[in-house]
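What follows draws every value from the coordinates through simple rules; no lab data is involved. Bear in mind the structure is a predicted one, so any value in this text is a computation, not a measurement. A quick note on method: Cβ atoms are made from the backbone with ideal geometry, for glycine too, and the neighbour counts reach across all protein chains shown.
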Amino acid sequence: MNSKSQYGQYCPLAMSSEFLCSRWTMLVLRELLFGSTGFNDISRGVPRMSRTLLSNRLKELIEHGIIIRQQNQDGGQIHYKLTEAGLALGPVVFSMAEWGQEWLEIEPSVKNVDVGFLMWDIHRNAVMMPELPSPFIVEFFLNDVPENKSTHWLVFEDEKVDLCHIDHGFDVDVHIDVSVKELTKVWMGWADMAAAIKSGSVKLSGAKKYTDLTVTWLGHSSVAHIQKRAEGQRVT
């Protein structure tokens, strides 16, 4: 691993901060730790990051020995894989996320939610269940965003979940009508799904045997289990 500190300090924190604190780097690491290996999948997890900058950050991580670049034997698709040093960053990345979940205010984070990332995060945490048919189709209508970003589909089939943004004539099993803000709060564990359904802020339609299981197959963010600090204690 090649690390030279521009801070002029021998401190390991200063040395690691040189590349870990570069803009977007921690989020790229998050995507890799969540299992994304292809460039396009990593990009879908950081949709507001330019592809040029993503390419540069991946090169930097390779140079630092955090990831390696692999290509299929047939010269096809390129994959990025965390090295032992990269995998060791897991506790660092997830500890930062857990700190943010516990201590940071909610409202700033829900004012400008990237719909693409929200749906990508939901898709990779959705839970396959034996009670669901294959395929099982969930249609999300996000009622507070432009029409070209409002409708998304989760397709549960063959032990995996895919995310679609184009209507392929799906036979929808469950339809969810919700605002991005409310969906984010439910997803992050900041609001209770049952209460949101009761209040009408989340509207579900479909067979009761499937809608009753929504909390289970929809899942939650990986940090939703961490309780938010009381309002007066949070960091603004």
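State the antiparallel share, in %, of DSSP beta bridges confined to the stretch 107-218, rounding to the nearest 5. Provide the component values of the computation, followed by the final result.
Details: 16 of 21 bridges.
That works out to approximately 75 percent antiparallel.
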query: Which residue fluctuates the most in the chain, going by a Gaussian network model with Cα springs under 10 Å, if the choices are Asn72, Asn40, Asn112?
result: Asn72
- prompt: For the chain, what's the relative contact order in percent, using C-alpha pairs closer than 8 Å and at least 6 residues apart?
  reply: 17 percent
query: Rounded if a/c is under 1.5, else prolate if a/b is larger than b/c, else oblate: which is the stretch 107-207, with a ≥ b ≥ c the root eigenvalues of its Cα gyration tensor?
result: prolate
query: How large is the charge dipole for the chain, taken about the Cα centre, if only the Cβ atoms of Lys, Arg (+1) and Asp, Glu (-1) carry charge, to the nearest 20 debye?
result: 740 debye
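Given a Förster distance of 22 Å, report the FRET efficiency between Arg23 and Ser222 from their Cβ-Cβ distance, rounded to the nearest 0.05. Kindly include the intermediate steps, with their values, before the conclusion.
Values: r = 22 Å, r/R0 = 1.02.
Plugging the Cβ-Cβ distance into 1/(1 + (r/R0)^6) gives 0.45.
To the nearest 500 deg cm²/dmol, what mean residue ellipticity at 222 nm is calculated for the chain from DSSP H runs of n ≥ 4 alone, each contributing -39,500 (n - 2.57), summed and divided by the residues?
Details: 12 runs with 95 residues, N = 236.
Roughly -10500 deg cm²/dmol at 222 nm, from the helical runs in the chain.
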message: Set the bar at 25 Å for Cα to Cα. Now go through Lys111/Lys149; Lys181/Lys209; Lys111/Lys208; Lys81/Lys111 and name every pair that lies beyond it.
response: Lys181/Lys209; Lys111/Lys208; Lys81/Lys111
query: Which whole-number percent of Cα pairs in the chain have a distance greater than 31 Å?
result: 32 percent
- prompt: Under a plain spin-label model, where a point goes 7 Å from the Cα along Cα-to-Cβ, how far apart in nm are Asp212 and Val92?
  reply: 4.8 nm
message: Quick check on the exposure proxy: order Thr214, Thr37 from fewest to most C-beta atoms within 10 angstrom.
response: Thr37, Thr214
field: DSSP loop trypsin sites (Lys or Arg not before Pro) with at most 14 other Cβ within 10 Å excluded, longest remaining stretch of the chain
entry: 112-228
